[in-house]
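Undergrad: Take a look at the following structure, please.
The values are calculated or read from the model by the stated rules, or taken from the named source; none is laboratory data. What you are looking at is a predicted structure, and each value in this text was computed from that prediction instead of being measured. Ideal geometry is used to build each Cβ from the backbone, glycine not excepted, and the neighbour counts take in all protein chains shown.
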Amino acid sequence: MGFRLDLPTKVGLLLAALAYFTFTFYEMTISSLEDKIVANPIFTDLPGALGLAFRAVGGFIIVIAIILYFFKNHLSKPEAIMCVRLLVLIEAAYWLSLLPSAYAGLGALAYPIFGLAFFISTGLPCLVQAVLMPIVLVKLFYELSPSRPAGNALKWGLIAGTSYLLISWLNNMGMWIYGVMEKGIEYVSLYPVNAYSFIVSVIGLLLLTLYAAYFSKKSFGAKSLGELDMKKIGLIIILFGLYMDVNYMLWLVFGSVGGWGSWYAWMLGHNMDQWLLAIPLLGLPLFFYRKNAIEHTQD
C-alpha cells in the first residue's frame, strides 16, 4: 500500500520542509561563522550545535524525499516509512542535545532571583523537552516499523504533535515570565502589544495544547490517515503557526515595545523553531481537506 496527496497538500508539505531545512542550516552555519561555540560555554553550546547539525541532515533528507515524490507522484509505503523514521530519530537526537542546558538551568537555582528566572525560562523547558521528546519520538520510531499496526504509529504521531505544542508553551511562557521578572509588570500592563503577546503565550498556547490533547485522545482509535479529521489537524497547525507569525509581524510593525528584553531576544534570535512561521502553508490545505486528498492506492 502507498499514499497519494493532492497538489495543495504536497506544495504545503514541501514549503514547510524547506523552511525546516533552510532555517536550521542557516542557524547552524551562522553559529559556526560567528564562532559562538568558542565564545560561549562549550558545555551547553556544543551539544546544541550538534543538535542543529542533526536537524539540518534530517531536513535535507525529508526535502529530497518530498521532491522525489513530486516527480514520481507516488511514494511507496516502505520509502515513506524509511524517510519519516530517519527524521523522527534525528529529531529525538536534537531534543536530547538540550539536556546540558537543562542541567545548567537546574544549577542556576543556587543563585537567588536570577537563578529562579533562568530556571523558569531555560532549565524547566529544556528539562521537559530533553526528556519527553526523545522518549515519545523513539517510541514513534519503533511504532513506524512496517511490521507494526498503522494505528499505533498514528497514535504516537498524535502524541508527538501534542508534546511539541506542550514544550512550545513551556518555552514561550517561560520567556515571558522571565521578561516580566526582568522588566517589571509594567512591561505588560503599559503596552497593549506586549499584553497581547503575553496572554497568547501564557494562556492561548496552553488552550491550543489542551485542545490538541483532547483531539488526539479522541483519535487514538484511527487505523489509517483517512480516519483522522484532517480539518481539525489543519486548524491546530494554522493556529500554532499564526501564533509565531502574528508575534513576528507585531515586532516588524511596532519594534521592541517597551525596550529590548529577554522576550524579544528569545523570539528573534534564540528560538530554534522559527521555521514554524511557514507551517500555516501546510495547515491551510489540510483545513480544506477533501476526502480524496489522501487516498490509499496499490503499489
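Undergrad: Can you name every residue in segment 134-180 that is over 26 Å from ARG55 (Cα atoms), touching a residue at least 24 places away in the same chain (Cβ under 8 Å) and surrounded by fewer than 18 Cβ atoms within 10 Å (Cβ to Cβ)?
TA: Across segment 134-180, the qualifying residues are PRO149, GLY151.
Undergrad: Same structure again: Quickly run through segment 84-123 and pick out the residues that are modelled with pLDDT under 90, assigned to a helix (DSSP H, G or I) and not small (Gly, Ala, Ser).
TA: Across segment 84-123, the qualifying residues are LEU99, PRO100, TYR103, LEU106, LEU109, PHE114, LEU116, PHE118, PHE119, ILE120, THR122.
Undergrad: Related question: Return the residues of segment 247-263 that are assigned to a helix (DSSP H, G or I) and free of Cβ contacts under 8 Å to residues at least 24 places away in the same chain; say none if nothing qualifies.
TA: Narrowing segment 247-263 to residues assigned to a helix (DSSP H, G or I): 247-254, 262-263.
Matches in segment 247-263: MET249, TRP251, LEU252, VAL253.
Undergrad: While we're here: Name the residue that is surrounded by the most Cβ atoms within 10 Å (Cβ to Cβ), counting only residues in segment 45-63 that are at pLDDT 90 or above and either more than 11 Å from PHE25 (Cα to Cα) or polar (S, T, N, Q) (or both).
TA: ILE62
Undergrad: Select from segment 118-161 the residues that are under 25 Å from LEU106 (Cβ atoms) and polar (S, T, N, Q) and list them in ascending order.
TA: Scanning segment 118-161 gives SER121, THR122, GLN129.
Undergrad: Let me ask something else. Any residue at all in segment 183-190 that's among the β-branched types (Val, Ile, Thr), at negative phi, in a helix (DSSP H, G or I) and buried (at least 20 other Cβ atoms within 10 Å of the Cβ)? Explain how you work it out, then say what you get.
TA: Residues of segment 183-190 among the β-branched types (Val, Ile, Thr): 185, 188.
From what is left, the residues that are at negative phi are 185, 188.
Still in the running and in a helix (DSSP H, G or I): 188.
Subsequent filtering for residues that are buried (at least 20 other Cβ atoms within 10 Å of the Cβ) retains 188.
Yes, there is a match, as at least one residue in segment 183-190 is among the β-branched types (Val, Ile, Thr), at negative phi, in a helix (DSSP H, G or I) and buried (at least 20 other Cβ atoms within 10 Å of the Cβ).
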